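S.K.: I have a structure I would like to understand better, so I am pasting it below and will then ask my questions one at a time.
All of the numbers you see were taken from the coordinates with simple rules; none came from a lab. These numbers were taken from a predicted model, which means no experiment stands behind them. A quick note on method: Cβ atoms are made from the backbone with ideal geometry, for glycine too, and the neighbour counts reach across all protein chains shown.
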Amino acid sequence: MRLIEYIPWKRAIIAFTLLLLGNTALAAGLLSPSDGSLPPLGIKEHHVSVVVEDGYAVTTVEQTFHNPHAQDLEAVYSFPVPEHGAVSEFTLWIDGKPVSGEVLEKKAARQVYEEEKSAGRDAGITEKDSYKTFDISVAPVRAGGDTRIRLVYMQTASVDTGIGRYVYPLEEGGVDEEKLAFWTANETVEEAFSFRLLLRSSYPVDALRVPNQAAAQVQQLPDGEWLVELANSAGARKEEGARGNAFNPQQPQSGAAFTLDKDLVVYWRLQANLPGSVDLVTYKPDPKQRGTYMLTITPGDDLKPITEGRDWVFVLDISGSMSGKYATLTDGVERALAKLRPEDRFRIVLFNNTAHELTRGYVNATREAVQQYASQVAGIQPGNGTDLYAGLKKGLNSLEADRTSAIVLVTDGVANVGETAQRKFIELIRKKDTRLFTFIMGNSANRPMLEAMTKASGGFAVRISNSDDIVGQLLTAVSKVGHQALHGVELKIKGVKTADITPREIGSLYRGQQLVLFGHYWGEGDAEVELSGRISGADKTYRTRFAFPAIGKENPEIERLWAYAAIEEMQTEMENFGEQPDLKQAATDLALEYSLVTDYTSMVVLREEQFQARGIERRNQQRLANEQAAQQQRAQHPVVSRRVDTKQPLYTQPRASHSRGGGAMDPWSLLLLLPLLVISVARNHRVKPDGG
């Protein structure tokens, strides 16, 4: 370990250097073998269109690959898995016409693709590489020609403490050593790049911003809409009107090259003092059949601040995969330590191949101690493997029963040394009575395992991008850990038959957190809804009453969102308790029924006649047509409020926001004082059993 004198400009230079080093990792882009055995292809165009409404986001990505060489080649494009992102469409243009894909079991899909490729027929496949990447293969890209593809994925878009956040992931996490060793990536868009996000909110929005993108244009439109547009010079395709997400394939003009190496992050801030609320989105085209619902609960701000002194244990990942993210970590740790009060204490545990404690016991959070240890953390050069288990185990040691304490884990979670089984981490966490607060660094992190560990302790997890707002993310986390929490949360629905609710176990709700649940229902009419839990050991119950509709056709996408959430829950159970054939088959069956790309299924595109020749049913084609028709209908109408608890509000207090309570400055104002190179992490809190 190399230590440096604590001089701010030196720490800034180190942080900036580490960020530059991190850019040597793969970003989203076209992969070519590192040995140069095949010539590289180019990305001619890359266009992104996002629509955020009704609590979820639909992202459409269109790309054109170019082959400048004299031989036909295969294109392999890789990009990080979006947070809870469910791929619903993969379309390949064949003979100038779009052909959408169908989902098959993973092995069967790969076999079909290889057979079609070997036969020289146009084909494509989208596969999921665990939690790391989605990989798209297309063959052939004709000599001297172009190949156009479209990918669509959907994900929930919750609001936290009054701030909404959307991330388009581009920066590769640097966690897959085999891929980094084998492939090089061409992440440069040679001609036309554009990014367009349309936010449609029934709750009033104060402001919208895109950090680190000075060229981004933001417009407030009528009827609760906001529009973000970003493009290289003269390179964007123009959309038809302000609404919708369809591309207009007119001839693009050439613009400056754009590099797909940094995440694009969009924040929006809701007005302060909005009420706590319950929003209901349903899809039930046949009143006699089963319907699907998405229930979003935004709590009122009735969790009280915590005032007693606390112990903090920071468990920090200094392995090689953190190189591109370590500047984020060091800056965040310094800011987190600076927020501690003199009556607080802290320890710092570091881990890579092994784990050791930097502080050698608890240290009082004086200004001098904070500066000393922040300097030492900043002076470390990340390297070697990741023994996450050893780091967490050392952090859990020496907790004092008579002190309120918290474990703050900052990592990308890619354990490759020592114990790596997820169930072992869950068992370790449950041995101690403590809350774990996890900050998941970068893309391709082992988010499923880190979220499972955190949930098992009753804590919360936050994903951090190098493109995030440092103050906004910091104050959001601080507002949570500095207040009581609702633990052991349960939701009951009476009066309407419901089933298949996910998540089955909710866990804890912290200040500003939304609760999003999916499920099925039958029939219609009024339902009594009860949300209960414990605050500092005392029982707390909230009640409301609202109607489930007999019919609803506006949001067919929530069927896929429910299915993907259910599959993720099954995968977590198998990671915790070992793979179970019945669960694996259930997850596979759901993915096939709802046409989703998962660890067990892939989406393959063939020539239309080959779908018929192979007897592959065009189920996804029918589902896509239904979703696209619904999206066009929604785009033609004003934003619709989905709030259902207006007659009997679930909460009497307004929802939490950064501009009310706690005495904290508005992070959007503080951001004016910060440089555009932003990095983030946060401090946390542990509560006693059933406490706040």
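S.K.: Between Arg423 and Asp129, what is the label-to-label distance in nm when each label sits 7 Å out along the Cα-to-Cβ direction?
M.R.: Each label point is offset 7 Å from its Cα along the Cβ direction, giving 2.8 nm.
S.K.: Let me ask something additional. Which is farthest toward the positive dipole end of the range 22-108 among Tyr56, Ala70, Gly101, measuring Cα position about the Cα centre, with Cβ charges +1 (Lys, Arg) and -1 (Asp, Glu)?
M.R.: It is Ala70, whose Cα lies furthest towards the positive end.
S.K.: For Asn626 and Lys107, compute 0.36 nm times the residue count separating them, minus their Cα-Cα distance, and round to one decimal in nm.
M.R.: So the chain would gain 184.0 nm between Asn626 and Lys107.
S.K.: List Thr646, Thr404 from most exposed to least, where exposure is judged by having the fewest other Cβ atoms within 10 Å.
M.R.: Thr646, Thr404
S.K.: So who's got an amide H within less than 5 Å of the one on Asn232, skipping anything under 5 residues away but keeping other chains? H placed 1.01 Å off N, in plane.
M.R.: Phe193
S.K.: Then there's this: Between Arg545 and Glu74, what length in nm is gained on full extension when 0.36 nm per residue of separation is reduced by their alpha carbon distance?
M.R.: Difference between extended and current length: 164.0 nm.
S.K.: Using a Cα-Cα cut-off of under 14 Å, which aspartates and glutamates could be cross-linked to Lys394, ignoring same-chain neighbours fewer than 8 residues away?
M.R.: List returned: Asp317, Glu357, Glu419.
S.K.: Mind ordering 555-562, 580-587, 544-551 by average Cβ neighbours within 10 Å, highest first?
M.R.: In decreasing order of mean packing, 555-562, 580-587, 544-551 become 555-562, 544-551, 580-587.
S.K.: Lysines within cross-link reach of Lys106: Cα-Cα under 19 Å, excluding same-chain residues under 8 positions apart?
M.R.: Lys117, Lys128, Lys132, Lys584
S.K.: Under a straight-distance cross-link criterion of Cα-Cα below 19 Å, which lysines are reachable from Lys393, leaving out those fewer than 8 residues away in the same chain?
M.R.: Cα-Cα hits under 19 Å: Lys424, Lys431, Lys432, Lys455.
S.K.: Report the full-extension gain for the segment Lys288 to Gln636: residue separation times 0.36 nm, less the Cα-Cα distance, to one decimal in nm.
M.R.: 122.5 nm
S.K.: Ok, one more. With just the Cα atoms defining each centre, how far is the range 117-136 from the range 395-455? Give it in Å.
M.R.: Centre-to-centre (Cα) distance: 33 Å.
S.K.: Ok, one more. Take Lys497, project a point 7 Å from its Cα along the Cβ direction, then tell me which residues of the range 508-526 have their backbone nitrogen under 14 Å from it.
M.R.: Under 14 Å, as judged by backbone N against the label point of Lys497, lie 520-525 of the range 508-526.
S.K.: Excluding Leu606 itself, calculate the net charge of residues whose Cβ lies under 9 Å from the Cβ of Leu606, where each Lys or Arg counts +1 and each Asp or Glu counts -1.
M.R.: Around Leu606, the charge tally is -2.
S.K.: Something else: So for each of 380-391, 454-465 I average, over its residues, the number of other beta carbons within 10 Å; can you give me the resulting order with the highest mean first?
M.R.: Taking the mean over residues of other Cβ atoms within 10 Å, the ranking is 454-465, 380-391.
S.K.: Grab the beta carbon distance between Glu115 and Ser37, set R0 = 22 Å, and tell me the FRET efficiency rounded to 0.05.
M.R.: 0.45
S.K.: OK, next. Roughly speaking, what is the centre-to-centre gap between the range 283-335 and the range 526-572 when only Cα atoms are used, to the nearest Å?
M.R.: A separation of 19 Å, based on Cα centres.
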